[in-house]
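Just below is one structure, and these are the notes that go with it.
The values are calculated or read from the model by the stated rules, or taken from the named source; none is laboratory data. Just so it is clear, the model here is predicted, and its values are computed rather than measured. Glycine also receives a Cβ, built like all others from the backbone with ideal geometry; neighbour counts cover every protein chain displayed. In case anyone asks, the SASA skips ligands and DNA or RNA and just uses the protein heavy atoms, side chains included. Shrake-Rupley method; radii C 1.70, N 1.55, O 1.52, S 1.80 Å.
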Amino acid sequence: MASKEVLLMSNMLKLKEIYPFLETFFDQQPGELFKQEDLTLQQILLEMEESGSEDNVFDATLFVDQLQEFIQQMEAFTGVSSQSVDVLTILPGKDKSGNAETFDALHFRKSTITSIVGPTGSGKSRLLADIEWVAQADTPTARTILVNNEKPTVDWRFASGKKLVAQLSQNMNFVMDLSVREFLELHASSRMIAGAAEIVERIIHAANELAGEKFSGETPITSLSGGQSRALMIADTAMLSSSPVVLIDEIENAGIDRKKALQILTGEEKIVLMATHDPILALMADQRIVIKNGGIHRVVQTSAAEKNMLEGLEEADRKLQTLRTKLRAGESIVDQSF
Amino acid sequence: MNLITVSGPPSSGKTAVILKTAESLKKRGIKLGAVKFDCLHTDDDVAYEKAGIPVKKGLSGQLCPDHYFVSNIEAVVEWGLAEDFDLLVSESAGLCNRCSPYIKEIKAICVIDNLSGINTPKKIGPMLRMADIVVITKGDIVSQAEREVFAARVHAVNPSAIVMHINGLTGQGAYELSTLLFDSGKKIDSLKGMKLRFSMPSALCSYCLGETRIGESYQMGNVRKINLEKK
């Protein structure tokens, strides 16, 4: 990284040229001075001081420290972002009563789906929190999490922009006043990745494949239907989230192609964890873990016999969907097969 | 005794985060006390009492809550020492976003929520820029993308802070926060000689002293005018 002196003597244009990610950093600074590209950092800091640092709420020393810290973090971040998480491992801990969990080691590989079953309050959130915090036998369950079979570095815990788990649940809504495309562009710019425009179009396309009703890039995100919102959230998380693990808390069975949704996530090499009590979704998973009293009670591999049932279940589900569509269209819903 | 200062915009979830975190701290046998600074009204002291946490509350009334905080925190620390707490949590609402309630050497936590809008991090001054830990709440009701964008903005405003996501309703993430709060090596027995991290918002004009009439001739002291000239 450039020394403090070099940073101070460079003008804004130069700094953004060397470190393109600084655009975001300067955007978040108070006042208008940081927008003047011909000024050197030194000049800006002097002006900020002169115009009264207490009014600007600006501390030049702190600013330079934080600038250097930001550059350091971003450089490290771009270095490791290519390093993928191939497998996540849980080593056993204990349940709420202190009984040891009985599995040896539980692996979650990329592009696979694991379903999680167990009543509300059984310990699903705790399991998720253990993963997110990359527990090292230092949480109430005493579980240990390994990343790529190794003890993970602490930056999984503390580094901003480097979180293991992305979450999707039915309670989540869009709250920003933006169109679909603007929204995705904003997300892409916060990730500072190359080829953002192309990814944005891919996401819109994929989300439309999932949603029953089509929408365009110009649609305001807050006016999307439930199914469309979920479809966009899934496609966006699959293609634009930095987190290698995606936790889904049920996918509603309306207005969205759930099978395709899971395929998009696994296709983008995500490790998918899915809390569900829907047999179709559970059988789409490669394995399921049963949670009881705060502990992982059993790990069940989806058997061939179970997989065989999937086709029949999907057929029944399709029939139900067809009836639903007919009902919505105001048609008669008589079906001889029932 | 350890002291930590928690602040953040109104209704961002400060009390919920502290109460959920306190559960984990209590399990470790850490004796906790709290003080709540607010402006006109608070019921949060009742919530602390319900959770079995000894609490004092202070209402600043017509004064800037920040100024009220700094004029009283020393006495509150003395109260905490007399009560023999291991950890005293000071909670104060940041009302004008220019707030600057943090003290050098004293752990500072800022609580802000995902619903406040992605331009909010930039609008908040020292309360966010100088915090050691930033807790982001209400992540359970917005999309993953919005959470990521919001966290990225917070990071650009304060790259040195640890950023954590906590669900104030379920407590998810609160255990993790609790592991960062108590430090047996950071004990204090007084705030004498310590300094604020940044100066507080200032004002000393006729309106501070109760003036209610509008007009140039009633404006005295520290008065500033809006710039209405054409650019």
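Any chance region B:26-44 includes a residue that's more than 19 Å from residue B:5 (Cβ to Cβ), modelled with pLDDT of 95 or more and hydrophobic (A, V, I, L, M, F, W, C)?
No, region B:26-44 has no match at all.
Can you spot a residue in region A:205-226 that is free of Cβ contacts under 8 Å to residues at least 24 places away in the same chain and among the hydroxyl-bearing types (Ser, Thr, Tyr)?
Yes.
For region A:14-48, name all the residues that are of a type in the set (A, V, I, L, M, F, W, C), open to solvent by less than 90 Å² (accessible area, probe 1.4 Å) and more than 14 Å from every other protein chain (Cβ to nearest Cβ).
Across region A:14-48, the qualifying residues are A:15, A:18, A:33, A:39, A:41, A:44, A:45.
Just checking: which of the helices (runs of 4 or more DSSP H) contained wholly in region A:241-338 hold 2 or more residues that are within 21 Å of the chain's Cα centre (by Cα) and of a type in the set (Gly, Ala, Ser)?
Fully inside region A:241-338 and qualifying: A:258-267.
Yes or no: region A:161-178 includes at least one residue that is more than 12 Å from every other protein chain (Cβ to nearest Cβ), part of a loop (DSSP other than H, G, I, E, B), farther than 21 Å from residue B:151 by Cα and out of contact with any Phe, Trp or Tyr (no Cβ under 9 Å at 6 or more places or on another chain).
no
Criterion first (more than 10 Å from chain A (Cβ to nearest Cβ), open to solvent by 30 Å² or more (accessible area, probe 1.4 Å) and within 30 Å of residue A:124 (Cα to Cα)) does residue B:196 satisfy it?
No; evaluated as a whole, the condition is false for this residue.
Could you check residue B:176 against (1) outside any strand (DSSP E or B); (2) more than 7 Å from every other protein chain (Cβ to nearest Cβ); (3) surrounded by 18 or more Cβ atoms within 10 Å (Cβ to Cβ) and say which number it fails?
All conditions pass for residue B:176, except number (2).
Pull up region B:171-211, narrow it to residues that are more than 22 Å from residue A:136 (Cα to Cα) and of a type in the set (S, T, N, Q), then point me to the one that is modelled with the highest pLDDT.
Top of the filtered list is B:190.
Tell me, which helices (runs of 4 or more DSSP H) wholly within region A:41-155 include 3 or more residues that are under 21 Å from the mean Cα position of the chain (by Cα)?
Here the list reads A:60-80, A:124-132.
For the structure I just gave you, tell me whether residue A:114 is touching a helix residue (DSSP H, G or I) at 6+ places or on another chain (Cβ under 8 Å), among the hydroxyl-bearing types (Ser, Thr, Tyr), open to solvent by less than 20 Å² (accessible area, probe 1.4 Å) and assigned by TED's automatic domain parsing to the domain that holds residue A:243.
Taking the combined requirement at face value, the residue does not satisfy it.
So residue B:113 ticks every box in (1) within 14 Å of another protein chain (Cβ to nearest Cβ); (2) open to solvent by 10 Å² or more (accessible area, probe 1.4 Å); (3) touching a helix residue (DSSP H, G or I) at 6+ places or on another chain (Cβ under 8 Å); (4) under 24 Å from residue B:173 (Cα atoms) but one. Which box is left unticked?
(3)
Which ones in region B:4-47 are open to solvent by 10 Å² or more (accessible area, probe 1.4 Å), of a type in the set (A, V, I, L, M) and in a strand (DSSP E or B)?
B:32
Can you name the number of the only condition in (1) part of a loop (DSSP other than H, G, I, E, B); (2) within 14 Å of another protein chain (Cβ to nearest Cβ) that residue A:230 fails?
Condition not satisfied by residue A:230: (1).
Looking at B:143, B:178, which is the one that is free of Cβ contacts under 8 Å to residues at least 40 places away in the same chain and of a type in the set (S, T, N, Q)?
Answer to the check: B:143.
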